[in-house]
Every structure is written in C-alpha cells, then in structure tokens.
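K.L.:
Encoded as structure tokens, here's the structure I'll be asking about.
The values are calculated or read from the model by the stated rules, or taken from the named source; none is laboratory data. The model shown is predicted, which means the values in this text are computed figures rather than measured ones. Cβ: placed from backbone, ideal geometry, glycine included. Neighbour counts: every protein chain shown. With ligands, DNA and RNA removed, areas are computed over all heavy atoms of the protein, side chains included. Shrake-Rupley method; radii C 1.70, N 1.55, O 1.52, S 1.80 Å.
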Amino acid sequence: MCKNSLQIYEFLDKKNLLQNSPKRWWPNAGTFEVVVGAILTQNTTWKNVEKSLKNLDMFLDLNSFAALDVDVLKEKIRPSGFYNQKAPRLLQLAKNIQNEFGDFASFQKEVSREWLLLQKGIGQESADAILCYACFRDEMVVDSYTKRLLKSFDIEFKNYMQYKEFLESGIKEAFTCKDLNLIYARYHGMIVEYNKICKL
C-alpha cells in the first residue's frame, strides 16, 4: 500500500501510462492554448475541449484571441459548455494578460499564482494547470482524479492546498536536482490516465 507521494508516483510510473503522450502530457504545453484549455475544461470532458480548440485553431495566440468578438467566441467554444460564462471570462483574461504583461512570453516569466487567482473564473486547480503546463513552473495540479486516486490508498485531506503539499513534498525530497516541473506535469498526467483506465 502506497503511503506517500513518492511511492504513488513510482507505482504509476511503472505502468507506462504516458508512453503515447507528449513529454509534459498536456498537448502544446508552453503555449497560450493551455491557458484557454485550462478554463474550457472546467465542468466538461477533454473531448469537448478538443472540439472547441479545433474551432479556435486560427486564434490560439494571445493577440488573435484577445481580438475575437465575444459572440464569435461563444459559438466556437459551444462544445465545452457554459459558453455564455466562459467566453467573456476568457476574453477578459486575455486582455488582462496583454495589459499587465504585454505579451505571452512576459506572462510566462512574470505571472504569479496570486495574480491568476484574482482573475474571474480561475480557481486553484486552473491556476496551477496554467502555471505548470503553460509557464513551466514547479506547481502540482490537484483535480478530482487526484482525490479519487489518493482515496483508493486511504489518503484524504480537507482542502486543496493540503493535497498539493502532500503530493509535492515527497517529490521535492526525492528529486532535488531534477526538473520538478516535468515531474509534476507527468505525475498529474499519470494520475489522470490511471483514473481513465481504472475508472476510479
């Protein structure tokens, strides 16, 4: 029985869950597309998000996206659901990034978790997904899959930050000289893929 986050990581790693996935699991990591995807995936499946991203194919850089008309954006992200809510929030986020950071490269380097959490529609999970997969920061993402997996090992916590600290602590201690962002990205990816297979 796995008791700490390193043991869980090693348990998942042995299963080769990411052999057909991109290096950091999330498609097109390090791009503005990740920011859009992190918001679109709220309350829906990734298959629906993929349909929306395909509709947005020509507009997935910051400047093109920020210039979209809100009604056009609503139609393009319709497959992801809650489009009346998500479209204005995404547009405002894109404009806030432009106003605060100028361009996406500066956003990647300078944005803080605190700034993201002040944006409408971004909670802790979305903030960490953006930091981890769009900005390559050393942040572990906690989602419903994570909680389900840990519960299967009789590990439960009261809030998001307790889950996050549990997962990060064992990895930091074991991989002091490694690329923590890559490890966190793949750890979260393995958790999601394991849940899909085992239907936890």
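K.L.:
Going down the list 158/178; 95/178; 23/76; 120/151; 51/196, which pairs span over 23 Å between their C-alpha atoms? Before the final figure, lay out the partial values.
P.N.:
Values: 158/178 30 Å; 95/178 35 Å; 23/76 28 Å; 120/151 30 Å; 51/196 19 Å.
158/178; 95/178; 23/76; 120/151, as the Cα separations exceed 23 Å there.
K.L.:
Compute, for residue 147, the solvent-accessible surface of its heavy atoms (probe 1.4 Å) with the complete set of protein chains present, and express it in square angstrom to the nearest 10.
P.N.:
80
K.L.:
For 177, 198, give the ranking by accessible area with the largest first, probe 1.4 Å.
P.N.:
Ranked from most to least accessible, the order is 177, 198.
K.L.:
Here's another thing I want to ask about it. Rounding to the nearest 10 and keeping the result within 0 to 90°, find how far the Cα-based axis of helix 83-101 lies from the longest principal axis of the chain.
P.N.:
90
K.L.:
Would you mind working out the magnitude of the charge dipole of the chain relative to its Cα centre, with +1 at each Lys and Arg C-beta and -1 at each Asp and Glu C-beta, to the nearest 20 Debye? All intermediate terms of the calculation are to be shown ahead of the outcome.
P.N.:
Details: 28 positive and 25 negative charges, 132 e Å.
About 640 debye.
K.L.:
Measuring from label point to label point, each 7 Å out along Cα→Cβ, what is the residue 28 to residue 63 span in nm?
P.N.:
My value for the distance between the label points is 1.7 nm.
K.L.:
Order 52, 169 by their accessible area, 1.4 angstrom probe, all chains in place, largest first.
P.N.:
Numbers: 52 0, 169 50 Å².
From most exposed to least exposed: 169, 52.
K.L.:
While we're on this one: Looking at the square roots a ≥ b ≥ c of the eigenvalues of the Cα gyration tensor of region 118-200, which shape do they give, rounded for a/c under 1.5, prolate if a/b is larger than b/c, or oblate?
P.N.:
Working: a/c = 1.43, a/b = 1.11, b/c = 1.29.
In terms of gyration-tensor shape, rounded.
K.L.:
Gaussian network model of the chain, Cα springs within a sub-10 Å range: biggest mean-square fluctuation belongs to which of 29, 174, 105?
P.N.:
174
K.L.:
Could I ask something else about it? At 0.36 nm per residue, minus the direct Cα-Cα distance, what do residue 71 and residue 112 gain on full extension? Give it in nm, one decimal, please.
P.N.:
On the way: separation 41, 0.36 × 41 = 14.76 nm, distance 2.99 nm.
Result: 11.8 nm gained on full extension.
K.L.:
Let me ask something else about it. Can you pull out the GluC sites (Glu not before Pro) in region 130-176 whose DSSP state is coil and whose Cβ has at most 14 other Cβ atoms within 10 Å? The partial results should precede the final answer.
P.N.:
On the way: sites: 139, 156, 165, 168, 173; in loops: 139, 156.
In loop regions of region 130-176 (DSSP not H, G, I, E or B), the sparsely surrounded GluC sites (Glu not before Pro) are 156.
K.L.:
As an exercise, take the mean of 1/r over every pair of distinct alpha carbons in region 1-86, invert it, and state the Kirkwood radius in angstroms. Can you show the working numbers first?
P.N.:
Numbers: mean 1/r = 0.0676 Å⁻¹.
Its Kirkwood hydrodynamic radius stands at 14.8 Å.
K.L.:
Taking θ as phi - 60°, what are the ³J(HN,Hα) couplings along region 53-59 by the Karplus curve (6.51, -1.76, 1.60), each to the nearest whole Hz, with x for Gly and Pro?
P.N.:
For region 53-59, the Karplus curve yields 5, 5, 5, 9, 2, 7, 10 Hz.
K.L.:
Quick one: if the Förster radius is 25 Å, what FRET efficiency do residue 1 and residue 161 give, using the C-beta to C-beta distance and rounding to 0.05? Spell out each step's value before the answer.
P.N.:
On the way: r = 24 Å, r/R0 = 0.98.
It comes out at approximately 0.55.
K.L.:
For the chain, give the percent of accessible area contributed by carbon and sulfur heavy atoms, probe 1.4 Å, rounded to a whole number. Display every interim value, and only then the final one.
P.N.:
Numbers: 4900 of 10310 Å².
C and S atoms contribute 48 percent here.
K.L.:
Let me cross-check residue 49: its accessible surface, 1.4 Å probe, with only protein heavy atoms counted, in Å² to the nearest 10?
P.N.:
0
K.L.:
Next up: So how strong a dipole does region 1-109 carry about its Cα centre when Lys and Arg Cβ are +1 and Asp and Glu Cβ are -1, to the nearest 20 debye?
P.N.:
Values: 15 positive and 11 negative charges, 90 e Å.
My answer is approximately 440 debye.
K.L.:
With every protein chain in place, what's the accessible area of residue 197 (1.4 Å probe, Å², nearest 10)?
P.N.:
Accessible area, nearest 10 Å²: 120 Å².
K.L.:
Using each residue's phi in region 130-138, evaluate 6.51 cos²θ - 1.76 cosθ + 1.60 at θ = phi - 60° and report the 3J(HN,Hα) Karplus result to the nearest Hz, with x for Gly and Pro.
P.N.:
5, 5, 6, 8, 8, 10, 6, 8, 7
K.L.:
Ranked from the most accessible area to the least, with a 1.4 Å probe and all protein chains present, what is the order of 78, 186?
P.N.:
Values: 78 110, 186 70 Å².
Solvent-accessible surface, decreasing: 78, 186.
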